[in-house]
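Asker: Structure incoming, see below.
The values are calculated or read from the model by the stated rules, or taken from the named source; none is laboratory data. Keep in mind that what you see is a predicted model, and the values were worked out from it rather than measured. Backbone-built Cβ (ideal geometry, glycine too); neighbour counts: all protein chains shown. Accessible surface areas use protein heavy atoms only, side chains included; no ligands, DNA or RNA. Shrake-Rupley method; radii C 1.70, N 1.55, O 1.52, S 1.80 Å.
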Amino acid sequence: MIQMIRLTREIRFTKLGPTAPWACRLLLLVFLLAVLGLGVHVLGVAMAERAVTPGAPADQRIWQDERIYFIMIDRFSDGDPTNNFNVMKGNPYAWHGGDLQGIIDKLDYIKSLGFTAIWITPHVRNAGIDYHGYAAVDFYEVDPHFGTKETLKRLVSEAHARGLKVIFDIVVNHTGPNNPLVVEKPEWFHPRREISNWNDTEEVRRGWLFGLPDFDQSNPEVREYILEYSRFWIEETDVDGFRLDTVKHVEPEFWSWYVPELQKIKPGFWVIGEVWDSSPYRLAEYQRAGVTALIDFPESEAARQAFARDGSLAVLAQVSRQVEMAMEDPWQMGAFLDNHDMPRFTTYTRDDPIGRLKLGLIWLFTQRAIPIVYYGTEIGMEGGNDPYNRADFPWGEEENLDVRDLVVRLNDIRSRHIALRRGGMEMILADWWRYAYARTLGEDRVVVVLNNHPSQPFVREIELSALNLPDGTVLVDELTGGRVQVQNGRISVDIRPRSGAIYVVQPNRSKSPGREADGQKK
Ligand SMILES: [Ca+2]
Ligand SMILES: [Ca+2]
């Protein structure tokens, strides 16, 4: 329900008006890219330096080193049939039996894909057929369909035993209509008034979202209540972070108070917020307010348009630059190709879904933000709008295993290259079909070249003068092993239609191997 209405607010990626003549828009875009390009190198170097946490031990992962696997509990894996109350697998709107034990059973699978963290949809008790977890009736109880508090604690400890971090999904904006609090504490809620004007910030923050009772966080009792149940789950389970739902529906002042309070409970506690908006500047408002990281809707939506729908990669590059300019910390972002609130990537395409998905994944694992992969995307699962994008994971009947193999390789490549996780992102070229960028940190330097054209190879010399590589320097593509050599500050690339290369600058023979820059424990 929530998702269908959200989808009517389709993202517009540029601020150019739809009525502007096409030629003018193109000229303006070229001009913007040229102007922005001037500052790219200097900015990239500055940001690369800023990206390294001073004093962090080399073997300690920071959050931007993570690669997150996102799970809808009810639809991923059924590990305990004794809790399958009211399960109707044939009904996409009903409970399907997935649970916390099922996730525990599949932690080794997630680990084998190369992910370092999991994010699970809300675990708290819901009512009726709210299998998704976003309409709580009891914030202190694990939903009995999912298991018990003990199962949840075991999930976290089993994940930690495998080096995986765990992120819970927390909703502080609203509760389910059947929560007894709605009757017992009416003063805890904003007056019932549906959000109708989505451009009115006050209404978006204080109105009721699709009939869901809206907490009034300006009431100190409400704040304490929210903090206390947050504290309860952190202290009970030792969870590592929260994904914060519906962040833009709550006053920024609340987040400025709440996030530091969480970090007092567990030092280093991480949050990543959902601000579903195409404007990096609106996202930036919430990062300034204290929400550590944000889901990168602007770039992720631009990537979906480009890779699934033949949209412009120049626009994706432009949005990436806007995010870098707007955000206080543009590394504290999470990018994705699809999620539980929109059609799956493969269904969003018109043709060649798997070829497009593979190129999209190469982008996802080489760009600046933390990659987030929705369960099943690694096997090219299909599905339209909610709830069809939430089908059961087809254990034992997985298809597109070549996509899964690619995800394993990309996770490995990102884990081995600190430049991909923490480095600057410097645009080298971007047009409608092609996008090349350098990711650099210290001696670790990676040049990514993407060719989104469906039929034409990309054969061209690419200027790498910003990297200042001596002639003769060799770059090797991590995906194919193909080698190119720098001549006159350039490399000649030949990229097949709808594919990409991840070129790693090889160290000069006189120097030590280049991967010593890797800060990740293997
Ligand atoms: Ca079950
Ligand atoms: Ca609200």
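Asker: Quick one: of the DSSP bridges fully inside the range 196-346, what percent are antiparallel, nearest 5?
Answerer: 10 percent
Asker: Here's something else I'd like to know. Distance from a point 7 Å along Cα→Cβ of Val204 to each backbone N in the range 227-250: keep the residues under 16 Å and list them by number.
Answerer: Residues 245-250 fall inside that zone.
Asker: Turning to a different aspect of this structure: Please state, as a whole number in µm²/s, the translational diffusion coefficient that the Stokes-Einstein equation yields for the range 110-166 at 10 °C and 1.306 mPa s, with Rh defined as the Kirkwood radius across alpha carbon pairs.
Answerer: After rounding, the answer is 129 µm²/s.
Asker: While we're looking at this one, here's another question. At a 1.4 Å probe, what is the % contribution of carbon and sulfur to the accessible area of the chain?
Answerer: Whole-percent figure for carbon plus sulfur exposure: 53.
Asker: Within the range 370-387, whose backbone N sits under 15 Å from a point 7 Å along Cα→Cβ of Ile129?
Answerer: Inside the label zone: 386-387.
Asker: Residues with amide H under 5 Å of Gly383's amide H, sequence separation 5 or more or different chain, H placed in the peptide plane at 1.01 Å from N; which?
Answerer: Sorted by chain and number, the residues that satisfy this are Arg344, Thr347.
Asker: Based on the Cα atoms of the range 342-481, what semi-axes does the equivalent ellipsoid have, where each is the square root of 5 times one gyration tensor eigenvalue, given in whole Å with the largest first?
Answerer: After diagonalising the Cα gyration tensor, the semi-axes are 31, 17, 13 Å.
Asker: Let me ask something else about it. Just to be sure I follow: if Rg is taken over the C-alpha atoms of the chain and Rh is the Kirkwood radius over the same atoms, what is Rg/Rh?
Answerer: So for the chain, dividing Rg by the Kirkwood Rh gives 0.96.
Asker: Let a ≥ b ≥ c be the square roots of the eigenvalues of the Cα gyration tensor of the range 258-400; is it rounded (a/c under 1.5), or, if not, prolate (a/b larger than b/c) or oblate?
Answerer: Oblate, since a/c reaches 1.5 and b/c is not below a/b.
Asker: For the range 339-349, what does the Karplus curve 6.51 cos²θ - 1.76 cosθ + 1.60, with θ = phi - 60°, yield as ³J(HN,Hα) per residue in whole Hz, taken in order and with x for Gly and Pro?
Answerer: In residue order, the calculated couplings are 8, 6, 10, 8, x, 4, 3, 5, 7, 6, 7 Hz.
Asker: Compare the peptides 253-262, 421-430 by average per-residue count of other Cβ atoms within 10 angstrom and give them in order, highest first.
Answerer: Answer by packing, highest mean first, reads 421-430, 253-262.
Asker: Just need the relative contact order of the chain here, percent rounded to a whole number, with Cα pairs under 8 Å and 6+ apart.
Answerer: Relative contact order here is 14 percent.
Asker: Helix 220-237 versus the longest principal axis of the chain: what is the Cα-based angle in degrees, 0 to 90, to the nearest 10?
Answerer: 70 degrees
Asker: Give me the angle, in degrees from 0 to 90, between the Cα long axis of helix 313-326 and the longest principal axis of the Cα atoms of the chain, rounded to the nearest 10.
Answerer: Once rounded, the angle reads 70 degrees.
Asker: Same structure again: Residue by residue through the range 69-76, which ³J(HN,Hα) values in whole Hz follow from phi under the Karplus form 6.51 cos²θ - 1.76 cosθ + 1.60 (θ = phi - 60°), with glycine and proline marked x?
Answerer: Listing the rounded values in order: 9, 9, 10, 8, 4, 5, 10, 8 Hz.
Asker: If I fit a long axis through the Cα atoms of helix 252-265 and take the longest principal axis of the Cα atoms of the chain, what angle between them do I get, 0 to 90°, rounded to 10?
Answerer: Long axis of 252-265 versus the principal axis of the chain: about 90 degrees.
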